[in-house]
Amino acid sequence: MFTGLCAFPLTPFHHEKIDFHAFEKLIGNLKQANVESICAMGSTGLYPYLSRDELVKVTESSVGIAGDTPVMVGIGSLRTYDVLKNAEAAQQAGAKALLLAPVSYHPLHDAEVFGLYEKVTAEISIPLCIYENPGVTQFSFSDELYRQVTQLPNVGAIKIPGMPFGDNNANGKIRLSSLRNIVPEHVAIGVSGDKFGALGMHAGCDLWLSVLGGLFPNTVRTMIASSQSTSPQAAIAQSERLTPLWDLFARNKGGMRVMATAAAILGYTEANCLPHPLQPLQGEDKQKLEAILTQLSLD
């Protein structure tokens, strides 16, 4: 479950309803690319915007199309009560793993985040991936909190921000080594933030949890293979070639709007496939993305 590429596809909308026809095309593309796993309803999959009934339907659709490709499902919500209900629903719908970030409106304390994971892991029967996403949740995990939560039952992986794997990958290797000393051996460590994915895999992360891979899985799988080879410079060069795309991600507060616009440009979805008030790229940014897709031949 927690190796290689975990692809994070968009959950597309049309007139404020989930566009299951478009969603099935996106999942089919990932199935055809033989990704190691799929995360339905990650941040790009818009889990905070979905009702529990929609969560069930998206999970069932994902599992049905993915076949033997395992599907992980995002279950985050403001209240632990709703997280537990989401977890129950996702498991009954066939999910093979769960993804959980400490979602909040009021900033959370470490003890509150530990309490969230303690309650959830006690109630589930499939692996949980702990998701650190401070850009969205405004919460960063301390090493002590990582040590505590990864000792809980049913924790299978942690999803860490990619920033330590920036320009100086030596810092990333040091960070990864320190985490290896903190978390149990059976807990996988995954890198997020696509700009840092190739360097993270080269440093020794177990998996790349990828927004880009949700639409262009073969591009990411090629970078993973290169990063784990005897010549990882090829993966680094491939990632650097995508710098204009990473710049668009940064300018638009993440990859969600960029991937939604790309999906529309490529004909997977309607022109505006996001629920209101979210909007796809407009004007100059959309033109830049169109040029990037033409020039880079992403797959």
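The values are calculated or read from the model by the stated rules, or taken from the named source; none is laboratory data. Since we're looking at a predicted model, the values are computed, not measured. We place every Cβ from the backbone using ideal geometry, glycine too, and count neighbours over all the protein chains shown. Surface accessibility is based on the protein's heavy atoms, side chains included, excluding ligands, DNA and RNA. Shrake-Rupley method; radii C 1.70, N 1.55, O 1.52, S 1.80 Å.
Among (1) open to solvent by 50 Å² or more (accessible area, probe 1.4 Å); (2) more than 20 Å from S37 (Cα to Cα), where does N252 come up short?
All conditions are met except number (1).
Look at segment 86-113 and say how many of its residues are open to solvent by 40 Å² or more (accessible area, probe 1.4 Å) and part of a loop (DSSP other than H, G, I, E, B). Walk me through it before giving the result.
Applying the first criterion (open to solvent by 40 Å² or more (accessible area, probe 1.4 Å)) to segment 86-113 yields 88, 91-92, 96, 105-112.
Next, from what is left, pick out any that are part of a loop (DSSP other than H, G, I, E, B): 96, 105-109.
Count: 6.
Tally up the residues in segment 158-198 that are touching a residue at least 40 places away in the same chain (Cβ under 8 Å) and open to solvent by 40 Å² or more (accessible area, probe 1.4 Å), please.
The number of residues fulfilling the criteria is 1.
Tally up the residues in segment 35-45 that are of a type outside the set (D, E), within 19 Å of G94 (Cα to Cα) and assigned to a loop (DSSP other than H, G, I, E, B), please.
4
Yes or no: L116 touching a residue at least 60 places away in the same chain (Cβ under 8 Å) and either crowded, with 16+ Cβ neighbours inside 10 Å or not in a helix (DSSP H, G or I) (or both)?
It is false that L116 is touching a residue at least 60 places away in the same chain (Cβ under 8 Å) and either crowded, with 16+ Cβ neighbours inside 10 Å or not in a helix (DSSP H, G or I) (or both).
Among all residue pairs at least 6 apart or on different chains, which show Cβ distances below 8 Å where the first residue, located in segment 10-26, is of a type in the set (K, R) and the second is assigned to a loop (DSSP other than H, G, I, E, B) and at pLDDT 95 or above?
Here the result reads K25/Y268, each pair linking segment 10-26 to a residue that is assigned to a loop (DSSP other than H, G, I, E, B) and at pLDDT 95 or above.
Of all residues being of a type in the set (V, I, T) and under 20 Å from H21 (Cβ atoms) in segment 264-299, which is surrounded by the most Cβ atoms within 10 Å (Cβ to Cβ)? Just the residue, please.
T269
Mind listing whichever residues of segment 44-85 are closer than 20 Å to Q138 by Cβ, open to solvent by 40 Å² or more (accessible area, probe 1.4 Å) and either polar (S, T, N, Q) or under 18 Å from the mean Cα position of the chain (by Cα) (or both)?
P48, Y49, T80
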